[in-house]
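Here's the structure we're looking at; comments come further down.
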Amino acid sequence: MRKLGYILLVMCALECSSCDDFLDVKPVGQMIPTEVTQFENLLNNTTTLDYFMFDNNRSCFYAYMGDNIQISENHAKYQFTATYPNLDLLAGYTFYTPVMDPQNTPFAWSSGIYKAAGYFNNVVDGVSGIDTNSEYAKGVIAQAKAGRAWIYLNAALIYGPMYVPGTTNDTKVIPCRTSGDPIAANGPLCTTDELLAQVKEDLDYACENCPASTVNPCRADRACAYALRAEYHMFTRNWENMLSDCQKAWELALANRKNVDEMIYNFADFYFEATTEINPDPGVSPEVYMTLKGPDLLFDQTSNRENLLYRNAPYQSSSTRYYPSDDWASIFDKEKDLRWTKFVLKDHGYNTTVGDVVYDDGIQLVYYRDELSITEGVTYPLLLLMKAEAAARINNLSAALADLNLLRKYRYKGPDSDLAGGTSLSQDQLLNEILTERRREQPLVSFQRTLDLKRYAQDAGKPWSKDIIVHKIGEKTYSKSINDAYYQSLPIDNAILQYNPQWGIAENNSLFEPYNAW
């Protein structure tokens, strides 16, 4: 019996034993609901929202492989020591091999991918065994398939190489578990092509059957399903279909929300208020001690107006682990971009005392946008930028510029927020503006930017494409090509490998000591 099966079995049993709707549990841990509504309740479980590519301390090693963040010498010397629980952060930043401890199964694998997928599989199988004909049942199945598709789309392209059109895409990556039986064997590893075929099948069903609206963006409505299929087309570089699905998603979203003001916050409407007397330390932005206020009471909730698919994101403002990179800071208009003027603040950096010596990074930039309950799923602003990218990719520059300027209306100061000189830009110049705006709009720390760097590698020579990723710690420089094997395959830990010999992957018994290698 496969160990992953055991892991999922135990998790399933523990989760379900605490839920009144699922007290009738077989000894092996499978649930026996008899109504579609009971299975639907599984879609509300927070397990489906958490830990995708981040750890138990809400940090994301995959972001450390990208270009959005940087760490200091003090971080490296005194924070990321042998006792630090998430040393894959330092490993990813210094391109240490292996990037993850081979002796431990990461949360991103056990919970973020397979535990969450297990819930969706249970819903698909369970509802299919009760009712496959009613609109309600089809809607529940569709929401589960949309959630599963989001997981496998991103996991396939993170754990394996980027999809390349016109090639076989036959690299074996990860298992694709679609059975609701937690003790079903894993079988062989699936290829990129096989994984994305499953994603496409799930999303086709979701686009056809997801409900027109949902109470909460933790679950996919039909607009979300089309947005997710647009992401699939984005990664497979089918620009015509990407544009078509983005247009449909935007049309459905507008029908639900009635106007764009209910889909995108105007950041000019946010302000900080001192609810108590404050006394900022020298150099620290006073806003750090204040409370963020907004145009509604939902901006810090999962149901805020911008979220189309909510998935928890890693912490964004932890100066004990990283700072925004100089490269990331360079892409902002420091005077007019409200994301910068409102949320990039000055605060105390990392400091620690060793013996009688204080090591202090002083005042640093910290990004506080996570006050808005950000998601690493899909937002309406990102959907709009996907729509703009797809239009620009097929050289419909006027439509692309219109979408870009629509978002800029909500993100930049002043009565004229349109991109200066936008109508005179070439296709590559406008695409670069759109993709840079996408980077500004994404969470600072998540898997998304690094995954984008992988897909942009197919645009070699373009201004948005980077061949070499460079990191620094003090005077030391670390670099790696985005096309290097380091980015094309993430390791699977020994605890999983030893129970899956059919994969033919040798265990890695090397020491995991990135703190000794930098």
Just for the stretch 149-170: of the residues that are surrounded by fewer than 19 Cβ atoms within 10 Å (Cβ to Cβ) and free of Cβ contacts under 8 Å to residues at least 40 places away in the same chain, which one is nearest to Trp239 (Cα to Cα)?
-> Gly166
Expected output for the stretch 64-80 (first residue under 11 Å from Leu90 (Cβ atoms), partner crowded, with 24+ Cβ neighbours inside 10 Å and of a type in the set (A, V, I, L, M, F, W, C), Cβ below 6 Å, 6+ apart or cross-chain) is Tyr64/Leu89; Phe80/Leu90
Return yes or no: is Ile158 β-branched (Val, Ile, Thr), outside any loop (DSSP other than H, G, I, E, B) and touching a helix residue (DSSP H, G or I) at 6+ places or on another chain (Cβ under 7 Å)?
-> yes
Sole residue being within 26 Å of Ser319 (Cα to Cα), part of a helix (DSSP H, G or I), more than 19 Å from the chain's Cα centre (by Cα) and of a type outside the set (Phe, Trp, Tyr), chosen from Ala76, Ala137 | Ala76
Consider Glu240 carefully, then state whether it is in contact (Cβ under 8 Å) with a residue 60 or more places away in the chain and part of a helix (DSSP H, G or I).
-> yes
All positions within the stretch 469-487 that are on the phi < 0 side of the Ramachandran plot, loosely packed, with under 15 Cβ neighbours inside 10 Å and out of contact with any Phe, Trp or Tyr (no Cβ under 9 Å at 6 or more places or on another chain) = Glu475, Thr477, Ala485
From the option list Tyr152, Tyr163, single residue qualifying as aromatic (Phe, Trp, Tyr), assigned to a helix (DSSP H, G or I) and within 27 Å of Phe107 (Cβ to Cβ) is Tyr152
Selected residue (criterion: surrounded by the fewest Cβ atoms within 10 Å (Cβ to Cβ)) from residues of the stretch 275-298 that are among the hydrophobic types (A, V, I, L, M, F, W, C) and out of contact with any helix residue (DSSP H, G or I) (no Cβ under 7 Å at 6 or more places or on another chain) | Leu297
Looking for whichever is over 16 Å from Thr450 (Cβ atoms), of a type in the set (Ser, Thr, Tyr), within 20 Å of the chain's Cα centre (by Cα) and modelled with pLDDT under 95 here; the options are Thr105, Thr47. Which one fits?
-> Thr47
Of these, Val470, Val445, which one is touching a helix residue (DSSP H, G or I) at 6+ places or on another chain (Cβ under 9 Å) and more than 30 Å from Ile264 (Cα to Cα)?
-> Val470
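The values are calculated or read from the model by the stated rules, or taken from the named source; none is laboratory data. Computed from a predicted structure; not experimentally measured. All Cβ positions, even for glycine, are placed from backbone atoms using ideal geometry, and neighbour counts span all protein chains on display.
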